[in-house]
Structure formats: structure tokens, C-alpha cells
């Protein structure tokens, strides 16, 4: 299971705020445990979710620094000012244990 947290926002995001969480377990986005979900961020998140959930290797994928291998960092596609009215959201991804 992956916990994706809004780590930082550069500019203005109309959907997310810092600290928002998205929880993904296998093919399911756990909507009851997810604070918000933006369609601009979803393609990037889904691009990495499958590999990170089944083969945790964020450093090898270039998604973190060597001294922070418990987390992966990805960002949404919105470039923010001066190109759009929105902003870029930086997500921190970490693997969490599943307790049914």
C-alpha cells in the first residue's frame, strides 16, 4: 500500500493543500482515506504507483536522493505561473503496511 502526501505546493493548487493524502492499495484508490485527487496529478501518480508498490526502488528510479530511500518524490504536470493560474504540487510517496 502506498501513502502519497502533498509535500509542497509551488504556486496555487485549486485541489490540494499541503498534508493531503492519497492512499493506493493495488489497483484501488482508497477514496475513504483520500483527501483530494486532481486529474492533472493522476497521470504522474499512476505512472509510478505500480512499480513502487511492487518493487520499492525510488533511488534507482531517480525519485529520491540516496540518503532518503524511504520516500519517493513526484510532481503534477501543472507548470504554474507564468504559464497557468495553477501551481506544481510535489508529492511524497512512501510504502505503508496493510492491515486488513
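The numbers here are math on the coordinates, done by the rules we state, and not lab data. Note that this is a predicted model, so its numbers are computed, not measured. As a convention, Cβ positions derive from the backbone with ideal geometry for all residues, glycine included, and neighbour counts pool all protein chains shown.
Flag: residue 32 matches the condition of being surrounded by fewer than 16 Cβ atoms within 10 Å (Cβ to Cβ), out of contact with any strand residue (DSSP E or B) (no Cβ under 6 Å at 6 or more places or on another chain) and either over 20 Å from residue 89 (Cβ atoms) or in contact (Cβ under 8 Å) with a residue 24 or more places away in the chain (or both). Reported count of residues in the stretch 60-95, each being free of Cβ contacts under 8 Å to residues at least 12 places away in the same chain and surrounded by 16 or more Cβ atoms within 10 Å (Cβ to Cβ), is 1.
The set of residues in the stretch 1-14 being touching a strand residue (DSSP E or B) at 6+ places or on another chain (Cβ under 8 Å) and in a loop (DSSP other than H, G, I, E, B) consists of 1, 12, 13.
Step by step: first the residues of the stretch 15-24, then only those that are within 13 Å of the chain's Cα centre (by Cα) and part of a loop (DSSP other than H, G, I, E, B), then the one that is surrounded by the fewest Cβ atoms within 10 Å (Cβ to Cβ). Which residue is that? Ranking the candidates gives 19 first. Of all residues in the stretch 25-53, exactly one satisfies the criterion of being outside any helix (DSSP H, G or I) and within 18 Å of residue 63 (Cα to Cα), namely 41.
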